[in-house]
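To start, the structure itself, in structure tokens.
The values are calculated or read from the model by the stated rules, or taken from the named source; none is laboratory data. Everything quoted here is computed from the prediction, not taken from an experiment. No Cβ is skipped: glycine too gets one built from the backbone with ideal geometry, and neighbour counts run over all protein chains shown.
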Amino acid sequence: MQEPKYKRVVLKISGEALAGEKEFGIDQDVINSIADEIKEIRECGIDVAVVVGGGNIWRGRNSPQMDRATADYMGMLATVINALALQDALEKRNIETRVQTAIEMKEIAEPYIRRRAMRHLEKGRVVIFAAGTGNPFFSTDTAAALRAAEIEADVILLAKKVDGVYDSDPMKNPNAQKFDSLEYIDILNRGLGVMDSTATSLCMDNKIPIIVFGINKAGNIKKAALGENIGTFVKGG
């Protein structure tokens, strides 16, 4: 078995990725595929924490007529739905899983407590962080960066629909050029849209590398977790 490069990872999965080829909702085949790969990562001895987005159900900033804070709270609830779906898929594969939410809803999940999350990871459980940071105006990318710093993760695995970071939108520009590696400051200066500026700055300040890769190809999550050359690697200078 290949020796993993990282001991503890935060896997950030966008809500859009969970929708698969649909534009809305949860694609159970995608959830099952992600759960299979997380199981493989755990079997390699890697601690896994997951941050899920909610864009497949609700995205606050797409509702200009609604109060932004209210819309963002609705988006946080959408991430909880996704987290519970992923937890169910993992537990069907006999992977012990805990969902922790930044907004307390004790009937369905634990409240986020850093020490408890660390203890779960030490016991080999997968921890899914839901409800973002618990605050409006912050994205789930920022939640991923914050949780990665708090649990002392070695890397953030940023799973997207595209297979890395490009100099322009590859969906619109067939001549877009992919970057093999970048520095945090390049993302900020060039507005490349890998993560929002708050999340990128958090990673830069805490020296947390980011691997941006495509989730659509089976095996990519495991490859990224093992440290194989995949997607775009983001780090400091």
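Determine which single condition Arg147 fails, assuming it passes every other condition in (1) assigned to a helix (DSSP H, G or I); (2) under 19 Å from Ala225 (Cβ atoms); (3) at pLDDT below 95.
Of everything listed in (1) assigned to a helix (DSSP H, G or I); (2) under 19 Å from Ala225 (Cβ atoms); (3) at pLDDT below 95, Arg147 misses just condition (3).
For the stretch 110-128, name all the residues that are under 15 Å from Leu86 (Cβ atoms) and of a type in the set (Val, Ile, Thr).
If the condition is that a residue be under 15 Å from Leu86 (Cβ atoms) and of a type in the set (Val, Ile, Thr), then Val126, Val127, Ile128 are the ones that fit.
Only residues that are on the phi > 0 side of the Ramachandran plot and surrounded by fewer than 16 Cβ atoms within 10 Å (Cβ to Cβ): list them for the stretch 180-237, please. Spell out the reasoning first.
As a first pass, look at the stretch 180-237 and keep what is on the phi > 0 side of the Ramachandran plot: 191, 193, 207, 219, 227, 231.
Matches in the stretch 180-237: Gly191, Gly193, Lys207, Gly219.
Which of the residues spanning the stretch 97-118 are charged (D, E, K, R) and surrounded by 13 or more Cβ atoms within 10 Å (Cβ to Cβ)?
Of the stretch 97-118, the ones charged (D, E, K, R) are 98, 104, 106-107, 110, 114-116.
Passing the criteria: Arg98, Glu110, Arg116.
When the stretch 18-34 is examined, which residues are found to be buried (at least 22 other Cβ atoms within 10 Å of the Cβ) and either of a type in the set (Gly, Ala, Ser) or at pLDDT 95 or above (or both)?
Ile34
Would you confirm, using the coordinates I've provided, whether Ala148 is of a type outside the set (D, E, K, R) and under 26 Å from Lys7 (Cβ atoms)?
Values: of a type outside the set (D, E, K, R): yes; under 26 Å from Lys7 (Cβ atoms): yes.
Spelling it out, Ala148 is indeed of a type outside the set (D, E, K, R) and under 26 Å from Lys7 (Cβ atoms).
So which residues in the stretch 191-237 are assigned to a helix (DSSP H, G or I), of a type in the set (Gly, Ala, Ser) and in contact (Cβ under 8 Å) with a residue 60 or more places away in the chain? Step through it out loud before you land on a result.
Taking the stretch 191-237 as the starting set, the residues that turn out to be assigned to a helix (DSSP H, G or I) are 197-206, 220-226.
Filter once more, keeping what is of a type in the set (Gly, Ala, Ser): 197, 199, 201, 224-225.
The answer is Ala199, Ala224, Ala225.
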